[in-house]
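The structure appears right after this line, and notes come after that.
Throughout, read-outs are computed from the coordinates displayed, never taken from laboratory work. Since the structure is predicted, the reported quantities are computational estimates derived from the model, not experimental observations. So basically every Cβ, Gly included, is an ideal-geometry build from the backbone, and we count neighbours across all protein chains shown.
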């Protein structure tokens, strides 16, 4: 009997050894690999999911998508609270996906998994957990009323997604740099709206610094939290100021351009009704005086077309002006260089590579300029270019993100503003065209940052939007902050100046322009002051509007 057992064991060992030498050819259709690479752009009620179904060469996947549950329990095909189906996959080595899921609850934890179905089998990625944002309290800014009074503005977000403010308001102190409800405060009651709220704070003393911020006691389900916005500082002796300056020797107009070289400002071109211009004027801030400069193209090319809504910038103490539209509404793409020392213009030999257009935007970073956007009838452009004056040469850059709400199509931007801060470029507000009939302009509050070193052709990143949609406004940057003001809001004129801090990605309101708001005005930075003016207001007359043009000129000091 022992001999038989030994033979059996020997036979089994031989069989195992033989099989171990064989190469197992497993059916790869029995295995799918899925991965979630990133959860990003998490908001109160949405998130973007990036992932992939891998190693699927020669395999037809019946269905794939994303599953999610509230809490920490991993979802599966049978038990899940939400799903997004992405369809079948065939003829690929791998399938990447990037999707936005919506309808999530604020301040809530979610567990997500990617899944795929193949021949009746279900395959899953590893689970990923994330939290949606809760309600947020924003201290938007203040409006100076008088020597001892300011109007505070704040906002509570998340109220349209299920968060309720049991109470909200402001707290302030001239002693504590982070005031709380234990300091002076005003309770404005419960709130379910995400619209801005205001309070006029009076009786302030002259001299001391006052610190203030918005607050709210937020309820989300069973959770109740006291939440504060960021702290802002006010001192009556440090209020930003507008100073009227000398008006120029030309009549008011819209769509002018301006640039600053050698400590002087240059303003020119534009339109007034059906009259288009190509003249330029030099402004000397030290003496507050104006003098006429050479017309665009002079003296070498006297027949350059007058234009409005052109684009201008300055590099190496030279001014550059190009594009725009003429009095026949034809869009232009020629570019001209101005030398203030010789008071003369020279046409650039480097041809702008994009289509002709008007109402584009520009900014400069180092020794390069960047130009993009603009429009031609029913097209808002997304193309974007770098200009190097040493060539001179134009180089294509990463396209501007589409600003028209999906799924209606891709569309760029026009009548926006641009400026640069600390090696980064910014643009925001303006119009985007509906890219499909019926064509119309869509005012936006979007705001984007451009990093010229982000990718081979630069990279765009969306930042906090401007407080409200705005178009035909003015913009500039000074001392590490960006400013947007003037322009139009709906059918009204905007008087408010807004300040952007890239370090905190936040906006605050500055002092209002003391007169009526201006649309399609022109402004430039000379030294540490912003000089602006011209433009128009639309005044209601009968069943329509008429344009009233201005030649007023102002100096603005943000302090």
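Worth a mention:
- Evaluated at q = 0.16, 0.19, 0.21 Å⁻¹: base-10 log I(q)/I(0), Debye formula over Cα of the range 203-357: -0.86, -1.14, -1.35
- Stokes-Einstein D in µm²/s, Kirkwood radius over Cα pairs - the range 235-312 at 4 °C with 1.567 mPa s viscosity: 93
- Only helices enter the 222 nm calculation for the chain: every DSSP H run of n ≥ 4 contributes -39,500 (n - 2.57), and dividing by all residues gives -1000 deg cm²/dmol, rounded to 500.
- Taking a ≥ b ≥ c as the square roots of the eigenvalues of the Cα gyration tensor, the chain is classed as oblate, since a/c reaches at least 1.5 and a/b does not exceed b/c.
- Anisotropy class of the range 510-559 from Cα gyration tensor, a/c 1.5 cut: prolate
- Modelled this way, with points 7 Å down the Cα-to-C-beta line, the labels at residue 274 and residue 461 are 5.1 nm from one another.
- Tensor-based shape of the range 356-499 (alpha-carbon gyration tensor, a/c under 1.5 rounded, otherwise prolate or oblate): oblate
- Mean sequence separation of contacting Cα pairs (under 8 Å, at least six apart), scaled by the length of the range 213-361, corresponds to a relative contact order of 16 percent.
- Hull shadow area, averaged, the range 31-131 [alpha-carbon convex hull, nm²]: 5.7
- Take every Cα pair under 8 Å whose residues are at least 6 apart in sequence, average their separation, divide by the length of the chain, and the relative contact order is 9 percent.
- FRET E, pair residue 223, residue 122, Förster distance 35 Å, beta-carbon r, rounded to 0.05: 0.50
- Percent RCO, i.e. relative contact order, over the range 479-537, from Cα pairs under 8 Å lying at least 6 residues apart: 28
- What the Cβ-Cβ distance of residue 512 and residue 303 gives, at R0 = 51 Å and to the nearest 0.05, is a FRET efficiency of 0.70.
- FRET efficiency for the residue 342 to residue 38 pair, using the beta carbon distance and R₀ = 51 Å, is estimated at 0.40.
- If the segment from residue 351 to residue 547 were pulled out straight at 0.36 nm per residue, it would be longer than the present Cα-Cα gap by 67.1 nm.
- Over the range 136-238, equivalent-ellipsoid semi-axes from the Cα gyration tensor in Å: 26, 13, 10
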